[in-house]
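Asks: I'd like to ask some things about the structure below.
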Amino acid sequence: MSLAILAQGKSDWGSFPTNTGLLLFGGVLILFLLFFLVLFFSFVRLWVQCYLTGASVGFLDLIGMKLRNVDYNMIVRQKIALVQAGTKVSNRELEAHYLARGNVPKVATAVIAAHKAGIADLPWRIAAAIDLAGRDILDAVKTSVNPKVIDCPDPAKGRPTLDGVCRNGIQLRARARVTVRTKLDRLVGGATEETIIARVGEGIVKAIGGAEHHTDVLANPNMISQAVLTNSLDSQTAFEIVSIDVAEIDVGANIGANLQADQAAADLRVAQAQAEKRRALAVAQEQEMRAAVEENRAKVVLAESQIPLAIAEAFRGGRLGIMDYYSLRNLQADTEMRNSLATMKPAGDRADRTASG
């Protein structure tokens, strides 16, 4: 009896490892089934949508997106929209753009809009590159479908009008509106709206400057837009110019008359400066002549001062006598009297002047 009990105990303890392994295997199997069921019910709705719409997104693709931390709900929605719109985009391209921090919904909407509008084919690769370059691809497609109107000059820049001067000197102030359409093939690397505004503004100013008379421009403003359109202003830009319309044109100042008046004033100032220069030279010359006269007078006085010395020397040398000296003095007195009589005016002249006074 005791041997049978011991034998039975041995048999129970020997089967314990086998039961434990089965329990562990069963637990792991149950956990795997639960994980599979959770994944299945998490993706079954999306997988069914993809299957019914022909989006070709498999169950394993959904699991891979989950593991790669991709927003699979959004990717599936965009893939279904692209397939239903008739465009072909692979799952890898959608995931790659998402992982590159691109805006997948906006790019998908732009590709669908371009395809439905019938404009130039817009591949996903080019649309994704435009989006990653920082351009608004959806706005570009909208502008390509529905052309955009740009004011020239831009009011936000603080310049209200484009000012040009005709050949007759009259200033004209104009404002224009430029209708542009996006060129999707030149959107990456092409110039922006600022370049279009600058080129159109320069062209309008040149067209105004080439007009013979301002009345010709006022009578036919379209001549400006026609002259500007022939210059291919949209080259190397992201836009195609559809039309240029002159919205407003006004007459400004008479620049030619103002320039002539300014030139006349400048010529007057130059003439006044030259006249002042000549007057200063004349005054300087007059002063020089006066100085020369005073110098000659000084020489005369100096020469006259030598006469008494010569007379004294003649007295001492015995060459001049006292009677000769008095004769000389009498001659001088007669000369002075004649000079004084010559400078006196007649009495009749003095009387007439006194009566008139």
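The values are calculated or read from the model by the stated rules, or taken from the named source; none is laboratory data. None of these values were measured; they are calculated from a predicted model. FYI the Cβ positions are ideal-geometry reconstructions off the backbone, even for glycines, and counts take in every protein chain you see.
Asks: State which residue is farthest from the chain's Cα centre (by Cα) when the search covers only region 149-173 and only residues that are farther than 21 Å from residue 233 by Cβ and not basic (Lys, Arg).
Replies: Step one: filter region 149-173 for residues farther than 21 Å from residue 233 by Cβ, giving 158, 160, 165-171.
Right, trim to not basic (Lys, Arg) and you get 158, 160, 165-166, 168-171.
Working: 158: 11, 160: 14, 165: 21, 166: 24, 168: 29, 169: 26, 170: 25, 171: 22 Å.
Going through the qualifying residues, I end up with 168.
Asks: Name the residue that is nearest to residue 182 (Cα to Cα), counting only residues in region 219-257 that are hydroxyl-bearing (Ser, Thr, Tyr) and touching a residue at least 12 places away in the same chain (Cβ under 8 Å). It would help to see each step written out before you state the result.
Replies: Taking region 219-257 first, the residues hydroxyl-bearing (Ser, Thr, Tyr) are 225, 230, 232, 235, 237, 243.
Those still in the list that are touching a residue at least 12 places away in the same chain (Cβ under 8 Å) too: 225, 237, 243.
Values: 225: 20, 237: 9, 243: 13 Å.
So, considering only residues that are hydroxyl-bearing (Ser, Thr, Tyr) and touching a residue at least 12 places away in the same chain (Cβ under 8 Å), the one nearest to residue 182 (Cα to Cα) is 237.
Asks: Output the number of the condition that residue 170 fails; it satisfies all remaining conditions of (1) among the aliphatic types (A, V, I, L, M); (2) surrounded by fewer than 16 Cβ atoms within 10 Å (Cβ to Cβ); (3) closer than 19 Å to residue 253 by Cβ.
Replies: The one condition residue 170 does not meet is (2).
Asks: Considering 56, 90, which residue is closer than 30 Å to residue 238 by Cβ, more than 37 Å from the chain's Cα centre (by Cα) and of a type in the set (S, T, N, Q)?
Replies: 90
Asks: Moving on. With the checklist (1) at pLDDT 70 or above; (2) within 30 Å of residue 100 (Cα to Cα) in hand, flag the one item residue 24 doesn't pass.
Replies: Answer for residue 24: the failing condition is (2).
Asks: Can you tell me which residues in region 74-101 are touching a Cys at 6+ places or on another chain (Cβ under 8 Å), at pLDDT below 85 and of a type outside the set (A, V, I, L, M, F, W, C)?
Replies: none
Asks: For region 240-289, which positions are assigned by TED's automatic domain parsing to the domain that holds residue 178 and farther than 23 Å from residue 166 by Cβ?
Replies: Hits for region 240-289 are 240, 241, 242, 243.
Asks: Still on this structure: Give, as residue ranges, the strands (runs of 3 or more DSSP E) completely inside region 99-188 that count at least 3 residues that are among the polar types (S, T, N, Q). Break it down into steps so the answer makes sense when it comes.
Replies: Details: elements: 148-152, 162-165, 170-182.
By residue number, 170-182.
Asks: Still on this model: Just to check your reading of the model, which residue among 33, 67 is of a type in the set (A, V, I, L, M, F, W, C), at pLDDT 75 or above and exposed (fewer than 13 other Cβ atoms within 10 Å of the Cβ)? Before the answer, list the steps.
Replies: Details: 33 fails: at pLDDT 75 or above.
So the residue among 33, 67 that is of a type in the set (A, V, I, L, M, F, W, C), at pLDDT 75 or above and exposed (fewer than 13 other Cβ atoms within 10 Å of the Cβ) is 67.
Asks: Does region 304-324 include one or more residues that are in a helix (DSSP H, G or I), exposed (fewer than 10 other Cβ atoms within 10 Å of the Cβ) and at pLDDT below 80?
Replies: Yes - at least one qualifying residue is present in region 304-324.
Asks: Hey, another quick one. Quick check: is even one residue across region 231-244 assigned to a strand (DSSP E or B), of a type in the set (Ser, Thr, Tyr) and surrounded by 16 or more Cβ atoms within 10 Å (Cβ to Cβ)? Talk me through it step by step, then tell me what you get.
Replies: Taking region 231-244 and keeping what is assigned to a strand (DSSP E or B), we get 237, 239-244.
Okay, now just the ones that are also of a type in the set (Ser, Thr, Tyr), so 237, 243.
From what is left, the residues that are surrounded by 16 or more Cβ atoms within 10 Å (Cβ to Cβ) are 237.
Yes, that holds for at least one residue.
Asks: Among the listed residues 195, 161, which satisfies the condition of being at pLDDT 85 or above and within 30 Å of residue 103 (Cβ to Cβ)?
Replies: Numbers: 161 fails: within 30 Å of residue 103 (Cβ to Cβ).
Just a single option satisfies the conditions, and that option is 195.
Asks: Could you pull out the residue among 173, 181, 186, 135 that is over 21 Å from residue 241 (Cα atoms) and charged (D, E, K, R)? So that I can check it myself, show each step before the final result.
Replies: Values: 181 fails: over 21 Å from residue 241 (Cα atoms); 186 fails: over 21 Å from residue 241 (Cα atoms); 135 fails: over 21 Å from residue 241 (Cα atoms).
Selected residue: 173, the only one of 173, 181, 186, 135 that is over 21 Å from residue 241 (Cα atoms) and charged (D, E, K, R).
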